[in-house]
Amino acid sequence: MRELNYLVKIEGNEALLEKFIEAINNNTVKIAKDYPNPYELDSGERFLNSSVIKYFFQTRQFSKELYVEFFEKLRKLSSFKEISYTIGEWIKEHVTNKFFDVKKEYWEEIMTKKTNSEISISEEEKEILSFVCYVAVCHIKYGASYESVTANRYFDMVTELGSNEVAELKKNGTGKLPKELIEYKDNDLTAKANDVFATINIKLANDNEESYSKALTFINKLLQTDFPKSFEISFSSKGKELLPIKGLPKCGQNYLFAGAVKYQNLHKSILEYISLAKKEYQWYTNLEAENCAMPSTFAVLALGLQDEKYFDTLIDYYQTVDEEHQSIQQKFTSVFLEKFGINEKSIKVYISAILSMQEHPHNKVFASYFSNENSLKLLLESKENFAKYYFTEENMKDFLDESEAQEMADYYWEGVMYTTFGQMENFSKIGKMLSNEGKLIFEKLQMNEQN
């Protein structure tokens with residue numbers, strides 16, 4: 001067995017674990033760089049973080065204030081993700097299994113409150129339920145978007161056991177953000193946000209530049225805090241304009257940025273929003289299934305149809321999205337080509353769009369943009385410089401050498417050819433429609449398909 005260079009066992013190591021607790025409270029503990037990233041003292045001793053947390057639970061009598069203070073230090077030290085499982089096991093022991101019968105149906109846990117008439121909630125247990133609410137909020141604010149499932153399960157448990165704290169959180173949020181950040185009202189704008197349920201409500205009294213400017217300022221200031229990274233925007237105004245992209249869902253984000261992008265002076269604020277909102281593995285929570293979208297999506301698409309100077313914004317967005325789970329951006333591709341066609345700059349946006357999802361659907365209109373020699377030459381140049389043009393530094397770190405990078409480039413190129421020209425059986429028909437020079441270029445584009 002591989003010898004561990006860190007400690008795991010609690011029994012017999014209590015004195016050392018006390019040093020770890022002290023170091024955490026004094027902000028002097030470190031995170032080791034090697035997996036599984038144990039805690040490390042200045043003196044060099046290492047301990048697995050889950051064991052340190054278990055020891056804390058075993059030796060510290062429950063106090064919400066004490067527990068929250070301790071776990072806030074750990075959250076800031078590493079991340080909530082690194083500590084959430086061990087905390088969840090403690091909640092399971094002290095709340096879930098104590099008050100609920102739990103059974104699994106497929107992948108879902110079904111909880112039913114125990115019917116024992118002797119069950120009652122002590123004052124300490126009420127404090128524990130409040131701590132569970134704190135943990136639920138952490139899942140929403142610092143976890144991936146899917147962790148809202150865990151948060152809502154905790155909220156349901158707490159409510160079922162008679163606590164009104166969830167109702168208070170729904171009404172007022174955590175109360176940790178200043179009122180001026182979560183509420184605003186004047187003659188142009190009424191805005192309110194909730195940092196627990198990740199909602200931003202925007203209502204414009206006047207459909208003008210000033211109103212949109214105030215709305216964007218409100219949202220951007222909010223996103224500079226630790227407001228949840230997955231969120232929803234509800235929006236209402238006298239105008240009902242949507243982005244000119246067929247198939248996009250009608251939602252607050254769509255209405256907001258379709259209206260705001262009309263004003264050139266607001267583009268800087270929209271770019272700021274994109275920078276603050278664009279987070280991989282986070283989602284707009286009011287969109288589901290095939291419409292799921294990373295925050296910033298509608299703002300990026302709105303700017304992307306305005307001017308070539310926003311092409312880099314589009315490319316950066318395409319390189320950030322979770323290509324395994326998001327495909328809403330496919331609805332933008334044909335609209336983008338209709339607006340800008342194919343040139344030296346737009347072709348990189350087009351191919352980045354294809355790479356932003358596992359399989360971008362073919363649209364017969366795409367091939368029409370590559371029916372001339374100039375566009376075909378640009379496509380061939382992309383093929384010959386694929387890794388240089390379309391692989392990020394992070395992509396290149398995943399490859400062992402240049403040959404592996406080229407092998408992956410060839411694989412992606414098959415997707416580019418399919419999205420652009422459709423199935424291989426269509427290629428001969430397409431070739432007949434090209435000039436002699438175009439046919440030669442088209443043959444070079446197909447080489448990967450034929451090998």
Residue 274 is checked against (1) within 21 Å of residue 179 (Cα to Cα); (2) under 18 Å from the mean Cα position of the chain (by Cα); (3) part of a helix (DSSP H, G or I) and fails just one. What number does that condition carry?
(1)
Given region 135-183, what helices (runs of 4 or more DSSP H) lie entirely inside it while holding 2 or more residues that are of a type outside the set (Gly, Ala, Ser), modelled with pLDDT of 90 or more and within 22 Å of the chain's Cα centre (by Cα)?
148-160
Subset tally (residues that are without any contact (Cβ under 8 Å) to a residue 12 or more places away in the chain and in a helix (DSSP H, G or I)) for region 277-309
2
Would a scan of region 47-56 turn up a residue that is loosely packed, with under 12 Cβ neighbours inside 10 Å, out of contact with any strand residue (DSSP E or B) (no Cβ under 7 Å at 6 or more places or on another chain) and aromatic (Phe, Trp, Tyr)?
no
For the subset of region 255-282 comprising residues that are over 14 Å from residue 212 (Cβ atoms) and touching a strand residue (DSSP E or B) at 6+ places or on another chain (Cβ under 9 Å), which member is surrounded by the most Cβ atoms within 10 Å (Cβ to Cβ)?
277
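Going by the structure shown, is residue 409 touching a Phe, Trp or Tyr at 6+ places or on another chain (Cβ under 8 Å), farther than 30 Å from residue 331 by Cβ and either assigned to a loop (DSSP other than H, G, I, E, B) or of a type outside the set (Asp, Glu) (or both)?
It is false that residue 409 is touching a Phe, Trp or Tyr at 6+ places or on another chain (Cβ under 8 Å), farther than 30 Å from residue 331 by Cβ and either assigned to a loop (DSSP other than H, G, I, E, B) or of a type outside the set (Asp, Glu) (or both).
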Only one residue in 262, 238, 250 is assigned to a loop (DSSP other than H, G, I, E, B), of a type in the set (D, E, K, R) and at pLDDT below 95, so which one is that?
238
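Yes/no per residue for (1) in contact (Cβ under 8 Å) with a residue 12 or more places away in the chain; (2) surrounded by fewer than 11 Cβ atoms within 10 Å (Cβ to Cβ); (3) of a type outside the set (S, T, N, Q):
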{"site": "98", "(1), (2), (3)": "no, no, yes"}
{"site": "106", "(1), (2), (3)": "no, yes, yes"}
{"site": "120", "(1), (2), (3)": "no, yes, no"}
{"site": "123", "(1), (2), (3)": "no, yes, yes"}
{"site": "127", "(1), (2), (3)": "yes, no, yes"}
{"site": "130", "(1), (2), (3)": "yes, no, no"}
{"site": "138", "(1), (2), (3)": "yes, no, yes"}
{"site": "142", "(1), (2), (3)": "yes, no, yes"}
{"site": "163", "(1), (2), (3)": "yes, no, no"}
Condition check: under 21 Å from residue 297 (Cβ atoms), modelled with pLDDT of 95 or more and touching a helix residue (DSSP H, G or I) at 6+ places or on another chain (Cβ under 6 Å). Does residue 224 satisfy that?
no
Test residue 250 against the stated conditions and say whether it is more than 20 Å from the chain's Cα centre (by Cα), surrounded by fewer than 18 Cβ atoms within 10 Å (Cβ to Cβ) and under 15 Å from residue 328 (Cβ atoms).
yes
Among the residues that make up region 113-129, is at least one of them within 30 Å of residue 293 (Cα to Cα), of a type outside the set (A, V, I, L, M, F, W, C) and not in a loop (DSSP other than H, G, I, E, B)?
no
Counting only residues that are at pLDDT below 95 and of a type in the set (D, E, K, R), which one in region 280-332 is nearest to residue 232 (Cα to Cα)?
288
State which residue pairs qualify: first residue in contact (Cβ under 8 Å) with a residue 12 or more places away in the chain and inside region 246-262, second residue of a type in the set (Lys, Arg) and in a helix (DSSP H, G or I) in any location, beta carbons under 8 Å apart, and separation of 6 or more residues or different chains.
246/331; 247/331; 248/331
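Say we look at region 61-80 and pick out the residues that are in a loop (DSSP other than H, G, I, E, B) and touching a residue at least 12 places away in the same chain (Cβ under 8 Å); which of these is nearest to the chain's Cα centre (by Cα)?
The qualifying residue nearest to the chain's Cα centre (by Cα) is 79.
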Of the residues in region 184-204, those that are part of a loop (DSSP other than H, G, I, E, B) and surrounded by 15 or more Cβ atoms within 10 Å (Cβ to Cβ) come to 188, 195, 196, 197, 198
From the option list 62, 20, 70, 56, single residue qualifying as of a type in the set (Phe, Trp, Tyr), modelled with pLDDT of 95 or more and over 30 Å from residue 160 (Cβ atoms) is 20
Within region 205-235, restricting attention to residues that are in a loop (DSSP other than H, G, I, E, B) and of a type in the set (Asp, Glu), which residue is nearest to residue 321 (Cα to Cα)?
226
Can you tell me which residues in region 360-396 are surrounded by 14 or more Cβ atoms within 10 Å (Cβ to Cβ), among the small types (Gly, Ala, Ser) and without any contact (Cβ under 8 Å) to a residue 60 or more places away in the chain?
375, 382, 387
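The values are calculated or read from the model by the stated rules, or taken from the named source; none is laboratory data. Quick caveat, the model's predicted, so the values are computed rather than measured. Neighbour counts run over all protein chains shown; Cβ positions are idealised from the backbone, glycine included.
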